[in-house]
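The values are calculated or read from the model by the stated rules, or taken from the named source; none is laboratory data. Bear in mind that the values here come from a model prediction, so they are computed numbers and not experimental data. Counting neighbours? That spans all protein chains shown, and the Cβs are built from the backbone with ideal geometry, glycine included.
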Amino acid sequence: MCRAPAALMPWRSWRQNRVADMPAPLAVVKVGGSLYDVPDLGARLRHWLPAQLPMKRVLLVPGGGAVVDAIRHLDRVQGLGEEISHWLALRALSVNAQFLAALLPSARIVKDVGAWHGSETAILDVHAFALADEMREDRLPHSWTVTSDSLAARVAVVHRAKTLVLLKSTTISADVDWGEAARLGWVDERFAEVLRNASADLEVRSVNWRDLSDESR
């Protein structure tokens with residue numbers, strides 16, 4: 001009995017189509033707010049992201065920066081409380097998403113990561129993500145102990161990212177664990193706790209953006 005040519009085998013065609021339809025692995029990249037004063041930030045991101053994260057869908061998570069610092073100040077002065085301040089800070093991150101979009105015109109802002117199927121770089125509306133995350137039992141607390149570090153980690157955990165990168169203005173040594181990094185003030189105190197729920201294959205690293213030759217972790 002003659003075997004049909006490979007091109008006519010429906011199972012092989014189906015498998016090839018399934019592989020072609022699979023989305024590229026997700027990389028979550030937190031852009032620290034301390035970097036917003038870098039004059040060529042947009043140009044450097046456009047060069048660095050495809051070079052360092054090839055064949056991945058890149059989702060940017062905006063850091064807080066001066067906008068969120070202003071809310072911290074108002075909380076100290078007016079006693080807003082952590083609940084109100086938490087949601088104001090999340091809305092500020094939506095403003096910062098618009099800021100990053102202005103620097104990266106080809107990127108798009110997404111509110112629902114699950115509905116994003118494109119290959120272009122996306123920027124997360126963190127406020128929208130946090131609202132949806134409220135439905136989950138292990139959601140983040142409404143506290144100043146949570147910063148965009150933990151929010152980016154939470155996004156990576158919920159959406160099963162393969163890579164999480166923190167772009168910062170400081171170097172985190174590869175021999176320092178995340179708990180110690182929190183004690184030293186390099187990440188927030190919830191970061192290591194959030195990562196305990198991450199998949200075993202999640203790669204987490206930090207990059208000192210002001211010294212791109214130094215990529216720790």
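Only one of the numbered conditions (1) at pLDDT below 95; (2) surrounded by 18 or more Cβ atoms within 10 Å (Cβ to Cβ); (3) more than 20 Å from LEU164 (Cα to Cα) is not met by ALA92, and that is (1).
In segment 75-89, is there at least one residue being within 16 Å of the chain's Cα centre (by Cα) and assigned to a helix (DSSP H, G or I)? The answer is no, given that none of the residues of segment 75-89 is within 16 Å of the chain's Cα centre (by Cα) and assigned to a helix (DSSP H, G or I). Condition first: closer than 21 Å to ARG139 by Cβ and either out of contact with any Pro (no Cβ under 8 Å at 6 or more places or on another chain) or free of Cβ contacts under 8 Å to residues at least 12 places away in the same chain (or both). Now tell me which residues in segment 167-197 satisfy that. Those that are closer than 21 Å to ARG139 by Cβ and either out of contact with any Pro (no Cβ under 8 Å at 6 or more places or on another chain) or free of Cβ contacts under 8 Å to residues at least 12 places away in the same chain (or both): TRP178, ALA182, VAL187, ASP188, GLU189, PHE191, ALA192, GLU193, VAL194, LEU195, ARG196, ASN197.
Within segment 132-153, the residues that satisfy the criterion of being closer than 20 Å to LEU80 by Cα and either free of Cβ contacts under 8 Å to residues at least 40 places away in the same chain or not polar (S, T, N, Q) (or both) are LEU140, PRO141, HIS142, TRP144, VAL146. For the structure I just gave you, tell me whether ALA156 is buried (at least 16 other Cβ atoms within 10 Å of the Cβ) and over 17 Å from the mean Cα position of the chain (by Cα). For ALA156, the condition - buried (at least 16 other Cβ atoms within 10 Å of the Cβ) and over 17 Å from the mean Cα position of the chain (by Cα) - is not met. Checked against (1) surrounded by fewer than 15 Cβ atoms within 10 Å (Cβ to Cβ); (2) touching a Gly at 6+ places or on another chain (Cβ under 8 Å), ASP112 passes all but condition (2).
From the list LEU164, LEU131, the lone residue that is modelled with pLDDT of 90 or more, touching a helix residue (DSSP H, G or I) at 6+ places or on another chain (Cβ under 9 Å), closer than 17 Å to VAL61 by Cα and crowded, with 17+ Cβ neighbours inside 10 Å is LEU164.
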